[in-house]
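What follows is a set of notes on a single structure, which appears directly below.
The values are calculated or read from the model by the stated rules, or taken from the named source; none is laboratory data. Fair warning: this is a prediction, and the values are worked out from it, not measured in the lab. Cβ sites come from the backbone with ideal geometry, for glycine too, and all protein chains shown count toward neighbours. To get the accessible areas, we keep the full protein, side chains included, count just its heavy atoms, and leave off ligands, DNA and RNA. Shrake-Rupley method; radii C 1.70, N 1.55, O 1.52, S 1.80 Å.
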Amino acid sequence: KQWYQRRVAITAGEDEVVEVKVPVKQKPEMIVLDDINDDDGPGPDEVPTAEERGFWKAVEENPNDFASWTYLLQVVEKNGKLKQIQKAFSSFLQLYPYCYGYWKKYADQMKKIVSNEAAFQVYNDAVVAIPLSVDLWTYFIHFIAEWKDGDENEIRTIYQRAVEACGQDYRSDKIWEAYVEWEKQTDNYRVLKLYRQFLGCVIQRHQYHFDKFREWIFFTPVKDMVTMEDIKELLTRHKAEAERRRIETEKKIKEEEEEARAAAEEAARLAEEQRKQAEEEEAKIQEDIKRMQEEQKMAVLGDQPPGIEEVTMEGVEDQEPAPVEPEEEAVQEEAVKEEAEEEEKVEDVVAMQEDAVEEIKKEKSTDCDSALIPLL
């Protein structure tokens with residue numbers, strides 16, 4: 001898979017524009033060398049040594065021979081020939097683009113032999129190839145900070161590119177920390193927003209960085225942390241949040257009132273049903289009492305229907321009573337006593353039934369009161 005676009009070398013007068021590999025969507029830097037001239041044939045940089053040719057032959061026969069590639073890179077670095085360095089590192093990194101350490105070596109050689117612009121181009125190609133490499137971005141940031149010392153826009157740009165590319169990586173805390181420390185020396189107003197982004201990521205040593213943030217908040221005056229625009233924005237957000245909470249609270253209170261009203265209505269309905277049920281039960285009990293009283297009376301009178309005595313005695317009130325034998329008189333007195341005892345028993349039963357009715361009423365009333373107490 002090809003990551004790069006090849007630029008053809010052009011000869012212009014005494015200077016030569018050498019071949020440089022750059023990302024496809026970016027315009028390459030024009031690197032001018034004053035010490036190479038191809039007018040009389042290939043220069044010394046284009047001719048590999050015997051040792052280099054041997055390793056080139058090995059990697060051409062077996063491109064997967066990683067050891068031969070590393071030996072080749074060591075040899076071209078030692079010899080310091082630009083063309084051989086470019087050719088060896090470009091070929092190697094096309095096969096092994098994730099070896100970030102060799103991207104750094106390549107950039108160091110370009111900086112040493114050509115210029116900072118050439119090294120910048122190599123680093124730029126590197127982060128395009130492996131944008132999630134925290135170590136590679138760290139090398140790139142150090143290079144820019146050393147090269148563009150004093151240029152805040154350039155340094156801030158490379159930091160922003162780094163955190164956008166790999167800021168979510170678990171090991172990216174060292175980039176965030178370096179960015180924050182640099183902004184503390186440059187623009188204190190940016191630090192608070194930067195911390196907000198930084199601490200929102202899942203990174204290693206999160207508690208340590210949070211403690212650093214608290215320490216900075218404690219020792220930094222508010223006027224040095226936020227601008228008036230930030231304060232106005234915070235006040236606006238606070239008012240909006242307070243209004244939102246007020247509306248939610250009122251809505252919740254209304255809902256609770258509706259629930260309480262519905263609960264009270266339900267409790268009242270249940271109490272009414274219990275009252276009606278108690279009245280019905282009381283009516284049934286009264287009917288049972290009357291029925292039992294009638295049955296007791298009928299039992300006392302010997303199962304004769306009521307009024308029989310009056311019927312049998314009609315027309316004979318004026319007659320003189322027949323003489324009663326002493327034995328019959330004793331039997332009659334005994335019958336009267338038994339009748340009186342039976343009436344007393346009936347009265348006792350009726351009294352017990354009335355007491356039971358009163359107890360049931362009291363219990364029903366207590367249940368109704370207990371159901372209404374929570375609502376009151």
## Note on the structure
Projecting the Cα atoms of T249, A262, I285 onto the charge dipole of region 239-308, where Lys and Arg contribute +1 and Asp and Glu -1 at Cβ, the residue farthest towards the positive end is T249
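How large, in percent, is the carbon and sulfur part of the accessible surface of region 192-257 at a probe radius of 1.4 Å?
59 percent
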### Query
Ignoring ligands, DNA and RNA, how do E359, E146 rank by accessible area with a 1.4 Å probe, largest first?
E146, E359
### Message
With +1 on the Cβ of every Lys and Arg and -1 on the Cβ of every Asp and Glu, and nothing else charged, how large is the dipole of region 169-240 about its Cα centre, in debye rounded to the nearest 20?
### Response
220 debye
### Task
Starting from the residue with the highest accessible area, list E281, E52, E229, E248 in decreasing order, probe 1.4 Å.
E229, E248, E281, E52
### Query
Heavy-atom accessible area of L93 with all protein chains present, probe 1.4 Å, nearest 10 Å²?
0 Å²
### Query
Based on the Cβ-Cβ distance of E117 and K254, what FRET efficiency does E = 1/(1 + (r/R0)^6) give at R0 = 45 Å, to the nearest 0.05?
0.05
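Top to bottom by accessible area (1.4 Å), largest first, where do T227, T236 land?
The most accessible residue leads, giving T236, T227.
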### Inter-label distance for Q74 and M298, nm, one decimal - labels placed 7 Å from Cα along Cα-to-Cβ
12.6 nm
### Separation in nanometres of the label points that stand 7 Å from Cα toward Cβ, at D288 and A67
10.7 nm
### Task
Ignoring everything but the protein chains, give the 1.4 Å probe accessible area of V336 in square angstrom, nearest 10.
90 Å²
### Task
Treat each spin label as a single point 7 Å out from the Cα along the C-beta direction, and report the D211 to E281 distance in nm.
7.0 nm
### Gain in span if fully extended, Q168 to N188, counting 0.36 nm per residue against the direct Cα distance
4.9 nm
### Task
Quote the accessible area belonging to H238 in square angstrom, nearest 10, computed with a 1.4 Å probe and with ligands, DNA and RNA left uncounted.
120 Å²
#### Entry: Phi to ³J(HN,Hα) by Karplus 6.51 cos²θ - 1.76 cosθ + 1.60 over region 211-217, Hz, x for Gly, Pro
5, 4, 5, 4, 4, 5, 4
### Query
Residue separation times 0.36 nm, minus the C-alpha to C-alpha distance between E347 and E363: what's the value?
3.3 nm
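Rounded to the nearest 0.05, what FRET efficiency do E243 and Q197 give with R0 = 22 Å and r taken as the Cβ-Cβ distance? Could you check? Provide the component values of the computation, followed by the final result.
Details: r = 27 Å, r/R0 = 1.25.
Calculated value: 0.20.
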### Task
Whole Å is fine, so just give me how far the alpha carbon centre of region 153-185 lies from that of region 122-148.
11 Å
